[in-house]
Amino acid sequence: MRLLIALALAAAPALPASAVTAANYWNYDDWHVSVDRIDTGEDLRITCYAHTGGDGDPVWALEVSNGDAGPPDYFPAPRLIEIAPSHHLTAMHDQQSIEFEFDSGSTVHGDVIAYINDEGLYQAESAPSHNSVLTMLISMRHGATVDARADGQVIATASLKGFTAAYGKMMDECGFTLSLN
């Protein structure tokens, strides 16, 4: 049996180095981490994601790569991403003002960029301004929930249970170490 498996593996065509990928996934309460590793043949590219939501709800996500600058100069910005079903519009619209309100009482401002994505669906994203990213990350670390409000109405809510562990794992997998105070 071992000989048969060894022969089958030996006969399988080898993939070029640029096609070799690996992914890992971890769950931390309401947050999830995924890591994509791509060997380009010249180096290993690692992209790390932390996210919550989905299944029809907007996704709250962060992304960092081992090729990015990291803390303390750069922090990955949390983004709220909404993709509308086919033939529908997003609740967020282009250049709309968004307030991220935390149960702890802190608020962070963001603006919306809306567009039609590669699949032809309406997509809208909002993130804090560059100088508010660290404030938002700290608020996420200390909060239990966050609401995104537009025009006085809640358009998305997220649990922050597991965020700190997911953020730490994401940063660690991409080669960054940082503790959010």
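What follows is calculated from the coordinates using simple rules that are stated; it is not laboratory data. None of the values given here were measured: they were computed from a predicted structure. Note that we place each Cβ from the backbone using ideal geometry, even for glycine, and neighbour counts take in every protein chain shown.
Observations on the model:
- Built amide H within the under 5 Å cut-off of residue 160, gap 5+: 145, 146
- The mean sequence separation of alpha-carbon pairs under 8 Å and at least six residues apart, normalised by the residue count of the chain, gives a relative contact order of 20 percent.
- Our coupling estimate for segment 59-65, obtained by passing each phi through the Karplus curve with A = 6.51, B = -1.76, C = 1.60 and θ = phi - 60°, is 9, 9, 9, 10, 9, 8, 10 Hz, Gly and Pro reported as x.
- Projected label distance in nm at residue 130 and residue 104, using a 7 Å step from Cα toward the beta-carbon: 2.5
- 3J(HN,Hα) along segment 113-119, derived from phi through the Karplus expression 6.51 cos²θ - 1.76 cosθ + 1.60 where θ = phi - 60°, amounts to 10, 10, 6, 9, 7, 4, 8 Hz, with x in place of Gly and Pro.
- Annotation: amide H-H contacts under 5 Å for residue 77 (H modelled 1.01 Å from N, sequence separation of 5 or more, or interchain): 63.
- GNM flexibility winner over the chain from 168, 120, 54 (Cα, springs under 10 Å): 120
- Less than 5 angstrom separates the built amide H of residue 28 from those of 33, all sequence-distant by 5 or more or on a different chain.
- Residue by residue, segment 144-155 carries 3J(HN,Hα) couplings of 10, 9, 9, 10, 9, 10, 10, 6, x, 10, 6, 9 Hz when phi is fed to the Karplus relation 6.51 cos²θ - 1.76 cosθ + 1.60 (θ = phi - 60°); x denotes Gly or Pro.
- For the chain, a Kirkwood radius taken over Cα pairs fed into Stokes-Einstein (37 °C, viscosity 0.692 mPa s) yields D = 182 µm²/s.
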